[in-house]
There are 2 protein chains.
Amino acid sequence: MFEEMARKPAVWLSGEGSDSQVVLSSRVRLARNIADSPFPSRADTDRRGSILSFVKNAVEKSESLRRGTFVDCAELDELDRSFLVERHLASIEFTRCRDSSALLIGEKENTSLMVNEEDHLRVQALSSGLEIRKAFKMADEMDEDLSGSLEFAFDPTFGYLTACPTNTGTGMRASVLIHLPGLALTREIEKVISQISKLGLVVRGFYGEGSDVWGNLFQVSNQTTLGRSEEDIVESLERVTQQIIEYEENARKRLFSEAEDQIEDKIWRAFGILKHARTLTSEEVLNMLSAIRLGIGTGIVKTLSLPQVNEILALSQPAHLQKYFKKRMDPGERDRVRAELVRSKLEG
Amino acid sequence: MFEEMARKPAVWLSGEGSDSQVVLSSRVRLARNIADSPFPSRADTDRRGSILSFVKNAVEKSESLRRGTFVDCAELDELDRSFLVERHLASIEFTRCRDSSALLIGEKENTSLMVNEEDHLRVQALSSGLEIRKAFKMADEMDEDLSGSLEFAFDPTFGYLTACPTNTGTGMRASVLIHLPGLALTREIEKVISQISKLGLVVRGFYGEGSDVWGNLFQVSNQTTLGRSEEDIVESLERVTQQIIEYEENARKRLFSEAEDQIEDKIWRAFGILKHARTLTSEEVLNMLSAIRLGIGTGIVKTLSLPQVNEILALSQPAHLQKYFKKRMDPGERDRVRAELVRSKLEG
């Protein structure tokens, strides 16, 4: 499944939208549950089955939602599931695939709806660039459409009720995927992270494990969902992201005034390695693309565009790669094929 | 001085000659002293002056030697001296430049004669590839020519007398500059070095300091000069070098059968870095060229030739670089200009 989809990066990686030199994408998800039904983890097989039926029914009644595609998690093999996670259409939690877990992939692939994940419904919308408002609008419309046919668990005091109390209230998590090579190179990133945490936002490396951040890509998202309006969350994340972009731009300016040669060298070496290496890990591709993205943002690299960089970023992920080449590969083979793909994309 | 000479690599780096895939060059030098004169370190200014006169006189009488160019060490600035050392025409000892130290550069630049170095005369000949015999023949002819006009200090029992007893006898040091990436990558180099030492030969890294060998380039030379004929020294060095070449070739075969992908990757990354870097140290150029030389030797790199690699090797040395661009540069500027030169040579 998804071989055709894997030929191109997701639409939210188009490189378009506001501040797309620094912000790759914006995402909003809303957690919803159907009133008077136990949360998925407490629901038995039958209950989960009827939840899915209710949702499918509601989707059928929506002009826009019914143009999407429903896939049952049980029909997906492990590679399909990893592909959906790389695509940001499904969560890791979703790929555990318990009874009647299903995913609706929106027509334009910038929205999705998970059923019977941690909550009964997880509505999600993605947009390229710093476009939190746009993503929220899309998610909000889906939510409106669904609430026409479904009664959501809602408490006048608490707001939307969710399986995990950290989501209660708006049920909303808004986030941006942001590229911060300047702050990473000047080693100011830790300071920025700790400042942001005080504002009720969370910053974490988007790829890599523990303190190992790959590709200088960070995710910034709201911590609290309760006691604030959706509008408030969007506005606050937008404002803080603008602030981070400014910090990042200042860091880049400082880097270029203090160590232009080394930075240019770093950027061009990354280019040379991607263009010639015969074996590349995901981590290395992310790190080299980080340098090239910085090169494009600062006008040093003119022969490549952000959409091209995003395409390489997307297609070189392990599941994408296997879908793209339509075969299962072990990590060693993937590294070789990845290098091949990257070379061909840089030639073309 | 030497700006014109610095436009091209030395003739002994032409990439020609036997086994030039592995052996860059062969060199033979003969130490000679004029009879009944104190060695240079013991000679006063007047004595050193007359030694130089005697030698200049002898050179004038030789059909071939007089076509060379004499330069007085005192006329050379520091950069000129470093250039001559990089060119393998003069020794570090020579560049200390005491009274009446002078250098005769042979017409084709594959021979030289140092006067008032450690010994009164140091005759030297270089040849590309594994051509010790050829180098010896050239040095021997120079020696013959000079001995027609000069009486050398010679003892019937010991042979030629020299300032340092380690040179007494033949006064001959024969050496090859050899590239051993296979043995370095398989970590067998230490074993080979210790075996060779038992055969009366010395192996040492040619560039770099201490145990840090740059570019996997080693020099193999004879340890003993006494109690053996010149023919014997040449024959033995030639035989052992052939043996090392065989070890190296076996190591390369093993590497390619066990880790072809990694080796190819290493070679192409080196290519990518040289082709794109904006700043390159001498050490890195040597190391990257080592991988590329291996790539050419194994048929992986087809777009570059050994003479091209040798040209980059020669011209990217610090003094060559400054002579080539006709200006003094600090190390940081050299690294930038070196990267520029390497890029232009790889484009062209």
### Task
Mind counting the residues in segment A:83-110 that are open to solvent by 10 Å² or more (accessible area, probe 1.4 Å) and among the aromatic types (F, W, Y)?
0
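Just to check your reading of the model, which residue among A:T157, A:T166, A:T162, A:T186 is touching a Gly at 6+ places or on another chain (Cβ under 9 Å) and of a type in the set (S, T, N, Q)?
Numbers: A:T157 fails: touching a Gly at 6+ places or on another chain (Cβ under 9 Å); A:T166 fails: touching a Gly at 6+ places or on another chain (Cβ under 9 Å); A:T186 fails: touching a Gly at 6+ places or on another chain (Cβ under 9 Å).
Answer to the check: A:T162.
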## Note on the structure
Selection from segment B:278-290 of residues more than 11 Å from chain A (Cβ to nearest Cβ) and of a type outside the set (S, T, Y) yields B:E283, B:V285, B:L286, B:N287, B:L289
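Taking into account only those residues within segment B:185-207 that are part of a helix (DSSP H, G or I) and in contact (Cβ under 8 Å) with a residue 40 or more places away in the chain, which is farthest from B:Q219 (Cα to Cα)? Walk me through how you get there before you give the answer.
The initial filter retains those residues of segment B:185-207 that are part of a helix (DSSP H, G or I), namely B:185, B:189-197.
Going one step further and asking which of them are in contact (Cβ under 8 Å) with a residue 40 or more places away in the chain, we end up with B:185, B:192, B:196.
Details: B:L185: 18, B:V192: 13, B:I196: 12 Å.
Within segment B:185-207, the match that is farthest from B:Q219 (Cα to Cα) is B:L185.
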### Message
Condition first: touching a helix residue (DSSP H, G or I) at 6+ places or on another chain (Cβ under 7 Å), open to solvent by less than 10 Å² (accessible area, probe 1.4 Å) and within 14 Å of chain A (Cβ to nearest Cβ). Can you find one or more residues in segment B:296-317 that meet it?
### Response
yes
### Query
With (1) open to solvent by less than 60 Å² (accessible area, probe 1.4 Å); (2) in a helix (DSSP H, G or I) as the list, and B:E249 as the residue in question, which single condition is left unmet?
(1)
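For A:V55, indicate whether it is buried (at least 22 other Cβ atoms within 10 Å of the Cβ) and among the aliphatic types (A, V, I, L, M). First the steps, then the outcome.
On the way: buried (at least 22 other Cβ atoms within 10 Å of the Cβ): yes; among the aliphatic types (A, V, I, L, M): yes.
Yes.
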### Message
Please go through segment B:268-277 and give me each residue that is within 8 Å of chain A (Cβ to nearest Cβ) and over 9 Å from A:R269 (Cα atoms), ordered by number.
### Response
B:W268, B:R269, B:F271
### Query
Looking at (1) without any contact (Cβ under 8 Å) to a residue 12 or more places away in the chain; (2) among the hydrophobic types (A, V, I, L, M, F, W, C); (3) open to solvent by 70 Å² or more (accessible area, probe 1.4 Å), which is the one condition that is false for A:A259?
(3)
### Residues being part of a helix (DSSP H, G or I) and open to solvent by less than 50 Å² (accessible area, probe 1.4 Å) - total across segment A:140-174
4
### Task
Mind listing whichever residues of segment B:185-201 are open to solvent by 30 Å² or more (accessible area, probe 1.4 Å) and under 25 Å from B:H88 (Cα atoms)?
B:I193, B:S197
### Summary
Within segment A:59-82, the count of residues that are surrounded by 13 or more Cβ atoms within 10 Å (Cβ to Cβ) and in a loop (DSSP other than H, G, I, E, B) comes to 4
### Task
Name the one entry in B:E284, B:E333 that is of a type in the set (D, E) and either buried (at least 22 other Cβ atoms within 10 Å of the Cβ) or in contact with a helix residue (DSSP H, G or I) (Cβ under 9 Å, 6 or more places away or on another chain) (or both).
B:E284
## Note on the structure
Among the residues of segment B:26-50, the number that are within 26 Å of the chain's Cα centre (by Cα) and either under 11 Å from B:L113 (Cβ atoms) or part of a helix (DSSP H, G or I) (or both) is 5
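The values are calculated or read from the model by the stated rules, or taken from the named source; none is laboratory data. These figures come from a predicted structure and were not determined experimentally. So basically every Cβ, Gly included, is an ideal-geometry build from the backbone, and we count neighbours across all protein chains shown. Ligands, DNA and RNA are excluded from the accessible area calculation, which covers all protein heavy atoms including side chains. Shrake-Rupley method; radii C 1.70, N 1.55, O 1.52, S 1.80 Å.
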